[in-house]
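Participant: Below is the structure I would like to discuss, written out as structure tokens.
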Amino acid sequence: MPDATKAPSSIPVGVDTTRASIARVYDAALNGKDNFEIDREVLRQVATVAPQVNDLAWSNRNFLIRACRFLAGQTDITQYLDCGSGLPTAENTHQVVQRLRPESKVLYIDNDPVVLAHGRALLEENENTLFVSADIFDPDQVLGRDEVREFLDFSKPIAVIQNGTLHHYTGNDGPQIMQKYVDAVVPGSYTVVAHFYDPETPEHSEVARKMEERFVHSPMGSGVFRTREQLLELFPGQELVPPGLVLCDDWWPDGPRIKPLNQVEECIAGAVGRKL
């Protein structure tokens with residue numbers, strides 16, 4: 001039987017056009033083409049309470065790009081373990097980091113059949129990038145794979161990326177999952193996390209919880225908005241790179257903000273942590 005704590009759409013089922021997929025919903029939100037009507041239906045349902053729902057995906061993706069650019073340009077990291085890579089709709093981790101440091105190695109972990117098919121086709125000629133099929137919410141499975149241990153050198157620092165993934169895990173042991181990943185890497189390694197966020201303010205908490213209710217009861221079946229205290233627990237034994245845990249759009253933006261953030265953009269946060 002499937003684990004009840006996991007999102008239904010995180011269980012490998014083959015390419016099924018009758019059930020929503022986390023990766024394909026994100027693809028639809030980013031204006032991609034690798035999605036089906038059932039995936040777009042998820043966004044339509046959430047849009048009834050948050051018309052700008054697609055901005056969750058854009059805030060998430062743009063934060064990832066800036067965090068990867070920081071790691072490649074400002075640290076000595078040349079190894080990346082990207083958990084839940086998603087579909088190649090927008091600029092991906094390997095494209096960002098290998099542009100700055102071509103020797104960087106990027107290992108993508110995902111178990112969505114569509115993601116794996118696209119990823120392997122996209123990267124078949126890139127010897128510094130690899131896709132491995134595994135459950136990102138089972139770190140023992142991921143870290144126990146021979147391909148993972150052979151591709152990455154765990155005696156040297158690694159950046160572990162959980163960008164827009166952990167809010168699709170509905171159990172309460174997310175911090176324990178992250179603890180296992182952090183325990184597996186050496187000091188000087190980094191963690192990148194972006195996550196749906198409940199700001200716990202009257203003006204934004206209500207929309208966060210309404211989006212959560214729509215996501216959880218949609219054909220995708222997941223999308224938990226956690227509080228600041230809960231998100232900080234995802235960085236065990238680490239110090240956060242300034243400015244710490246902030247809204248994704250406030251983490252080293254590319255330029256001055258001319259227009260205010262909308263309600264949806266106020267409901268996704270991110271941070272980069274360094275293992276001490």
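The values are calculated or read from the model by the stated rules, or taken from the named source; none is laboratory data. All values derive from a computational prediction rather than experimental measurement. Cβ coordinates were reconstructed from backbone atoms using ideal geometry, including for glycine residues, and neighbour counts include every protein chain displayed.
Participant: Among all residue pairs at least 6 apart or on different chains, which show Cβ distances below 8 Å where the first residue, located in the stretch 33-50, is of a type in the set (D, E, K, R) and the second is part of a loop (DSSP other than H, G, I, E, B) and surrounded by fewer than 16 Cβ atoms within 10 Å (Cβ to Cβ)?
Facilitator: Correct list of pairs: GLU37/THR17.
Participant: Could you please give the count of residues in the stretch 69-83 that are surrounded by fewer than 24 Cβ atoms within 10 Å (Cβ to Cβ) and either among the aliphatic types (A, V, I, L, M) or modelled with pLDDT under 90 (or both)?
Facilitator: So the answer is 2.
Participant: Only residues in the stretch 20-32 that are in contact (Cβ under 8 Å) with a residue 60 or more places away in the chain and surrounded by fewer than 23 Cβ atoms within 10 Å (Cβ to Cβ) count as the first member; pair them with residues that are charged (D, E, K, R) and in a helix (DSSP H, G or I), Cβ under 7 angstrom, at least 6 apart or cross-chain, and list the lot.
Facilitator: LEU30/ARG61
Participant: Now for a separate question. Could you list all residues from the stretch 233-245 that are surrounded by fewer than 17 Cβ atoms within 10 Å (Cβ to Cβ) and either charged (D, E, K, R) or modelled with pLDDT of 95 or more (or both)? Don't jump to the end; show me each part of the working.
Facilitator: So the first thing to find is which residues in the stretch 233-245 are surrounded by fewer than 17 Cβ atoms within 10 Å (Cβ to Cβ), and the list is 233, 237, 239-240, 242-244.
Of everything in the stretch 233-245, those that are surrounded by fewer than 17 Cβ atoms within 10 Å (Cβ to Cβ) and either charged (D, E, K, R) or modelled with pLDDT of 95 or more (or both) turn out to be GLU233, GLU239, LEU240, PRO242, PRO243, GLY244.
Participant: State which residue pairs qualify: first residue among the β-branched types (Val, Ile, Thr) and modelled with pLDDT of 75 or more and inside the stretch 84-95, second residue surrounded by 24 or more Cβ atoms within 10 Å (Cβ to Cβ) and outside any loop (DSSP other than H, G, I, E, B) in any location, beta carbons under 8 Å apart, and separation of 6 or more residues or different chains.
Facilitator: THR93/LEU64; THR93/CYS68; THR93/TYR80; THR93/ASP82; THR93/VAL106; THR93/TYR108; THR93/ILE161
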